[in-house]
Structure formats: C-alpha cells, structure tokens
1. Please list, in order, the residues from segment 299-337 whose amide nitrogen is less than 17 Å from a point placed 7 Å along the Cα→Cβ vector of Arg58.
2. Any chance you could run the full-extension gain for Asn156 through Asp181? It's 0.36 nm times the residue separation minus the Cα-Cα distance, nm to one decimal.
3. For n ≥ 4 DSSP H runs only, could you compute -39500 (n - 2.57) per run for the chain, divide by its residues and tell me the 222 nm figure to the nearest 500?
4. Among all helices in the chain defined by DSSP H, which have a length of 15 Å or more along the axis from Cα atoms plus a Kyte-Doolittle mean of at least -1.0?
5. Test of understanding: in a Gaussian network model of the chain with alpha carbons linked when under 10 Å, which of Ala236, Ala213, Ala70 would top the mean-square fluctuation ranking?
6. Explain nothing, just the number: relative contact order of the chain, from Cα pairs under 8 Å at least 6 residues apart, as a whole percent.
7. Among the aspartates and glutamates, select those whose C-alpha is under 19 Å from the C-alpha of Lys91, and discard any that sit fewer than 8 residues away in the same chain.
8. Can you bin segment 289-369 into rounded, prolate or oblate? Criterion: square roots of the alpha carbon gyration tensor eigenvalues sorted a ≥ b ≥ c, rounded for a/c under 1.5, prolate for a/b above b/c, oblate for the rest.
Amino acid sequence: MWKSRLAIVLQVGNWRTCPGLRLAPGELRFPIFPLALRTVDLTVPTSNLFMARQNQYRFCFGPWNISEGADPYGPPTRTPQSFDWKLDALKKLGFDAMMFHDDDAVPDIDSKSHAQVMKEARALRRKLDDAGIAAEMVAPRLWFSPKTIDGAYTSNDKKHRQYAIDRSKQSIDIARVLGTDILVLWLAREGTYLRESKNGFQAIERLLEAFDAMLAHDKRIRLAIEPKPNEPMDHAYVPTIGHVLAVASLTRDPRRTGALIESAHCVLAGLDPADEIDFAMSFGKLWSLHLNDQNGLKYDQDKPFASANLRSAFNQVRVLERNGYGKNGEYVCFDVHPFRTTKPEHWLAHLDNSRKTFLRLVEKARSFDEKKARALIADRDYQALDQLVIEHLLGRR
Ligand code: XLS
Ligand code: MG
C-alpha cells in the first residue's frame with residue numbers, strides 16, 4: 001500500500017480561506033501554519049494509504065418518480081397517488097430522503113402569495129420531520145409555466161426572465177425551510193429549437209445573471225446544475241458537466257456552484273456517465289446524482305438503473321466507490337420512471353430494483369480483483385482485462 005503513489009497533502013496555510021484549493025473526499029490535508037499564505041499541495045487519494053473505508057450510501061427519489069405513465073402519444077395508465085401515499089412508500093422502501101420541485105413542495109405555487117408558500121413549506125417540513133425523511137434538494141420547475149415557453153433565464157422576454165429569477169429565489173427560500181442547502185437547476189428550456197432565435201453569447205450572460213442573483217439571495221445556498229444536451233430543446237446551452245463547471249467558474253461564487261449528474265443525460269450527450277462522474281468529482285463538484293439508464297440516442301427514457309447497460313452501471317458505481325461519493329453527505333438519487341405498461345400493484349418496483357441493483361453493484365465493485373486488474377494493465381493486456389470484468393459481472397471469480 002505504502003509503495004503505491006505517496007499519499008500526502010502538505011498544506012501551508014488555511015485551506016478554507018485559500019481560493020482554488022479543493023478538498024475532495026478521500027484526501028487528507030494537514031494544515032501546518034494556519035496563517036501562512038502559500039500552499040504546497042501534493043494530493044493523492046488516501047485510499048492508497050489506508051484500507052478502504054467503506055462508503056455508506058443514502059438514497060432518495062422524487063414524487064415525480066412515481067409517475068402515471070403518460071407519454072406524448074397517450075394518456076396516463078395509472079391513477080395518481082397522493083403526496084402522503086408517496087412519502088409513505090418512500091419510507092417503506094427504506095429510502096432516506098425526498099427530492100422536491102418547488103411545486104411538489106407547494107402545489108399550484110404560482111397562484112399563492114410568498115407568505116402562503118412559506119407557510120405550506122413549513123407544514124411540509126413538519127411532515128417530513130415526523131416521517132424521519134430529509135429533503136435532499138429543491139428545484140424550480142421552470143418548464144411548465146406559460147411564462148417559460150421561450151426559455152426561463154434565457155427567454156427573449158425580460159419580464160419572463162425576471163419571473164424565472166423570482167421563482168428561483170422563492171425555491172431557495174423553500175429549500176432553506178425544508179432544511180437543504182441544495183438548489184438543483186435542470187435548465188430544461190435554456191436552449192433553442194431554432195439557432196437563429198437566440199444569441200448563445202448573450203444566453204451565457206443571462207444564465208450568469210440568474211445564477212448570481214440566486215447566490216446573492218442566500219449566502220449559504222449551493223447551486224447544483226444538472227446538464228442535459230437536448231429534450232425538450234433541440235440544443236441546450238449547458239449540455240455537459242464540462243459546460244457546467246465552465247459556467248460555474250464565472251459566477252460570483254464558484255465555490256457554491258456545482259453539479260448534478262444524471263446517467264441518462266450523459267448517454268444522450270454521447271458520453272460515458274462514469275467519466276462524467278470522475279470529471280465532476282475531480283473538481284470536488286458532484287453534489288447530487290441521478291442514477292438511471294438510457295438505451296442510446298432516443299427519447300429520454302429514465303429506465304431503472306442498469307436496465308440498458310449493466311457494465312456502464314458497474315463502472316459508475318466503481319468510480320463512486322473509488323472517489324468516496326457520499327462522504328460529504330451527498331445522496332444517491334434514482335431519477336427513474338416505471339414503464340408505461342406497469343400495473344399499479346408493481347408501481348414501486350423500478351425504485352426498489354434500482355436500489356437493489358446499486359447495492360449489488362457496490363458488492364461487485366468491492367469484490368473486483370483490483371490486484372489482477374493492475375497486473376493486466378501493467379502488462380497492457382486489455383483483452384484479459386475486458387474478460388476479467390465480464391466474468392466478474394457474470395458471477396465467476
Ligand atoms: C429531467 C430531469 C429532471 C430533474 C429534476 O430530465 O432529470 O427530472 O432531475 O428537475
Ligand atoms: Mg434528473
């Protein structure tokens with residue numbers, strides 16, 4: 001262990017006050033002289049120093065993940081359930097937290113005063129506390145309103161951009177009441193159907209204006225931006241994690257601007273979800289995660305985790321394990337939907353199955369023969385490495 005890369009971080013100075021320094025999970029830093037200004041950073045994962053501490057994962061989903069089966073070509077196939085039924089189901093399935101759009105937390109939100117919204121948010125907080133369930137995040141649902149038809153923060157109409165910013169600030173207030181400091185921003189309509197209809201340079205300025213307004217509104221809120229390359233738009237302005245981090249770097253507080261990765265969105269961008277996870281985590285920026293699956297470049301499928309590509313799911317779990325996802329309190333969320341054909345009596349299976357599969361893959365990641373893999377890598381025998389992974393997933397040791 002000690003022979004592998006030397007794993008020491010020497011830091012001269014107080015890392016909390018030094019911009020540009022990251023403390024990723026699984027790293028050690030030793031502040032030596034707290035007031036000094038310069039840093040020496042020789043960072044290597046501590047997993048090479050100590051026997052791997054095993055992650056404990058916590059799980060969540062949102063009320064919209066118990067969906068009714070409607071698609072663009074047909075009506076619902078299941079009768080909606082109440083919020084209380086969904087909360088009860090979440091608890092019975094052994095999940096730890098729930099995700100909320102602002103109007104999941106406070107229905108018909110646009111028809112209510114701010115005071116009324118806050119009152120209902122407080123009532124929801126009491127209900128969650130009684131159930132022993134945390135709120136993982138709040139996300140403004142900026143894609144339903146007639147005011148966001150042409151985009152929210154990047155709409156061509158100034159009044160509509162203001163609506164989007166005001167609604168986002170209110171979502172932050174709801175998040176604080178519910179006890180979470182994460183505001184998720186899925187930028188659903190920030191893009192174009194027609195390239196000539198908007199100015200891409202200006203769109204980034206408008207996104208920054210909106211993010212800065214949110215960061216100024218609450219000094220503790222963290223923005224977790226969820227990229228997706230298309231659907232509902234033809235082309236989105238923030239399609240990948242690289243774009244998220246680039247935009248984050250230009251905000252008034254890059255330290256409070258990070259990312260949420262959804263597996264299916266990476267597949268839609270033609271990227272490997274495990275690589276996207278590694279990329280975000282190498283910046284210390286993966287603050288939430290939507291695991292699911294997607295069978296290639298088609299409509300957004302939100303399949304159960306690992307349903308389309310078991311090996312890709314294994315690799316996602318492996319990098320989460322390797323990088324210590326969850327050790328800073330992050331949750332594993334499943335943004336999955338039941339198939340349209342699902343009968344009401346099987347309505348929760350996609351959530352239960354996703355978690356089961358995740359935990360099975362954690363076992364697979366922990367029991368993978370890393371020593372053998374390293375030897376094969378050293379010998380550049382990637383044919384054998386390929387087969388090692390396949391045999392492992394098939395269950396043969
Ligand atoms: C849609 C998104 C959405 C967000 C939450 O594609 O995944 O479900 O996760 O706003
Ligand atoms: Mg999602």
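Just so it is clear, none of the values below were taken in a lab; they were calculated from the coordinates. Here the structure is a predicted model, which is why all the values come from computation and not from measurement. Quick reminder, even Gly has a Cβ in these numbers, built from the backbone with ideal geometry, and neighbours come from all protein chains shown.
1. Of the residues in segment 299-337, 324-334 have backbone N under 17 Å from the label point off Arg58.
2. Details: separation 25, 0.36 × 25 = 9.00 nm, distance 3.00 nm.
6.0 nm is the gain from fully extending Asn156 to Asp181.
3. Details: 12 runs with 151 residues, N = 397.
-12000 deg cm²/dmol, from helical runs alone.
4. Details: long enough: 114-131 (26 Å, -0.98); 158-178 (30 Å, -0.96); 200-217 (26 Å, 0.47); 310-323 (20 Å, -0.55); 349-367 (26 Å, -0.81); 382-394 (18 Å, 0.55).
Answer set is 114-131, 158-178, 200-217, 310-323, 349-367, 382-394.
5. Maximum fluctuation in the GNM of the chain, among the listed residues, is at Ala70.
6. Numbers: 679 pairs, mean separation 54.8, N = 397.
Dividing the mean separation by the residue count of the chain yields 14 percent.
7. Asp104, Asp129, Asp130, Glu136, Glu330, Asp335, Glu345, Asp352
8. prolate
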